[in-house]
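The values are calculated or read from the model by the stated rules, or taken from the named source; none is laboratory data. Treat the numbers as computed from the prediction; the structure is a model and nothing was measured. Neighbour counts are summed over all protein chains in view; Cβ atoms, including those assigned to glycine, are modelled from backbone coordinates with ideal geometry. The accessibility values were calculated without ligands, DNA or RNA, using every heavy atom of the protein model including side chains. Shrake-Rupley method; radii C 1.70, N 1.55, O 1.52, S 1.80 Å.
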Amino acid sequence: MSAPPTEREVRSRFEEVLQQTTQDTTGDVTVQWGDADPEARPEGVSWDTDAGVLTYDVWDAQRRTLDAVNSGDNDIVAFLAGYGSGKTVFGARWLIKQALDHPGSRFLGMGIDFTKARDTTFRVLFEQLPGERTGIVTSSYNGPETSPIVADYNRQNHRLTLTNDTVVKLGSADRWNRYAGDEYGGVWLDEPSHYGEDLHDLLEMIGSRLRGVDGPKAQLWTLTGNGHNAAFDILERKQDSDGQPLGLNVEQVRASTLNNPFLDTGEKERFERQYGNTSREQQALYGGFATGSGDLL
C-alpha cells in the first residue's frame with residue numbers, strides 16, 4: 001500500500017488543478033469591432049464566454065478613427081468630439097483591444113489628474129472589461145480582478161495585468177514624468193486638452209517610449225476642445241511649445257454628440273437645448289476648440 005500524500009504534495013496538486021482550471025476558463029480572448037446596434041446592445045458590447053469573443057460596437061466617426069489608427073501612417077490620432085459622444089468609452093475599449101492583441105506587452109492610459117482619472121478614466125476602463133461589477137473598486141472589493149481577462153489589479157501602483165501577461169499602466173498627466181522610464185506598445189490619452197502646457201513635455205516623453213514591446217506604436221487621444229492651449233497647438237497647428245514644426249503625423253476625426261446612436265432622442269434634444277445657438281455650441285456638441293468668448297479657433 002502506498003503512503004498517503006503529504007500536505008505539501010496535496011497543496012502542490014491543488015495549485016496545479018487551480019492553474020489548469022483558470023487557463024481553461026480564460027483561454028484566448030479575441031476582441032472585434034461590431035456595427036452599432038443600440039436596440040440589440042444598448043451598452044454597445046457583447047461577451048461570448050464560450051467562444052472567448054468580446055465585441056465592441058462602434059459608430060461611423062469611431063470607425064473612421066480606428067481606420068486612422070490602424071493605417072500605420074499616423075503618430076497621433078485624435079477623436080475630437082462633443083459632450084456625451086462616448087469618447088472615454090471608445091478610448092478604453094481601444095486600449096483593452098491593444099492589450100489583448102499583443103500578449104506580454106505594455107500599454108499606458110492617462111487621465112487629467114489622479115482624482116479625475118480614478119473617478120472617470122480608470123472607472124470607465126474597468127467597466128469595459130468583460131464580467132460583472134468590474135468597475136467597482138472599494139477597500140474590500142477589487143472589481144477588475146473579477147474579469148476573466150484580468151490576472152491582477154495592483155491599485156497601489158495602478159497597474160492592470162491581463163491573463164496574457166500584458167500590463168496596462170494607468171497614469172495621470174499631473175505626474176507624467178513617473179512613466180518616463182518604461183516602454184510601451186501604445187498610449188491612450190483621455191481629455192489631453194485639460195493637461196495644460198505639460199502636454200508638450202508629456203508628448204516628448206511618449207515619443208521616446210514607444211519602442212521595445214509589441215503594439216501599434218501609436219497614440220489615441222480622446223477629447224473635447226478646450227480653447228487655445230497645448231492640445232490646440234499640437235493638433236491644429238502641429239507645433240511644439242517653441243512654435244516649431246512638430247515632426248509627427250497627426251490625424252483628427254471630428255464627431256458630433258448628436259450623431260451618437262447610443263444617446264436616445266431625449267438626451268440629444270436636451271444637449272441641443274442646453275448648448276445649441278450658444279457660445280459653447282461648437283465645443284459642447286462638436287468638440288471644437290472654442291475660445292473663452294466662444295469663437296471657434
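Before moving on, here are some points about what is shown:
- Test item: Cα-centred dipole of the chain, Lys/Arg +1 and Asp/Glu -1 on Cβ, debye: 460
- Protection-proxy order for peptides 254-264, 278-288, each taking the mean of Cβ atoms within 10 Å per residue, highest first: 278-288, 254-264
- Backbone amide hydrogens, once placed in the peptide plane, bring ALA78 within less than 5 Å of TRP221, GLU251, GLN252, VAL253, excluding anything fewer than 5 places away on its chain.
- For the options GLY266, GLY44, GLY86, a Gaussian network treatment of the chain with springs between C-alpha atoms closer than 10 Å singles out GLY266 as fluctuating the most.
- Computed lengthening from GLU39 to ALA180, 0.36 nm per intervening residue step minus Cα-Cα distance: 46.4 nm
- The helix-based estimate of mean residue ellipticity at 222 nm for the chain, built from -39,500 (n - 2.57) per DSSP H run of four or more residues and divided by its residue count, is -8500 deg cm²/dmol to the nearest 500.
- Listed residues LEU108, PHE90, THR30: farthest to the positive end of the dipole of region 16-171 (Cβ charges): LEU108
- For HIS194, the solvent-accessible surface computed with a 1.4 Å probe is close to 90 Å², ligands and nucleic acids excluded.
- Tensor-based shape of region 147-297 (alpha-carbon gyration tensor, a/c under 1.5 rounded, otherwise prolate or oblate): oblate
- Tilt relative to the chain, helix 265-275 - C-alpha long axis, 0 to 90 degrees, to 10: 50
- Heavy-atom surface of region 71-116, accessible at 1.4 Å and reported per residue (Å²): 28
- Region 76-91 - phi-based ³J(HN,Hα) in whole Hz, Karplus 6.51/-1.76/1.60, Gly and Pro as x: 10, 10, 10, 8, 9, 9, x, 4, x, 8, x, 5, 5, 4, 4, x
- Long-range amide H partners of VAL137 with built H, under 5 Å: GLY143
- For region 29-118, share of DSSP beta bridges that run antiparallel, in % to the nearest 5: 40
- Between 0 and 90 degrees, the angle of helix 198-209 with respect to the longest Cα principal axis of the chain falls at about 50 degrees.
- Taking every DSSP bridge with both residues inside region 160-290, close to 40 percent are antiparallel.
- Region 143-297 - charge dipole about Cα centre, Lys and Arg +1 at Cβ, Asp and Glu -1, debye rounded to 20: 160
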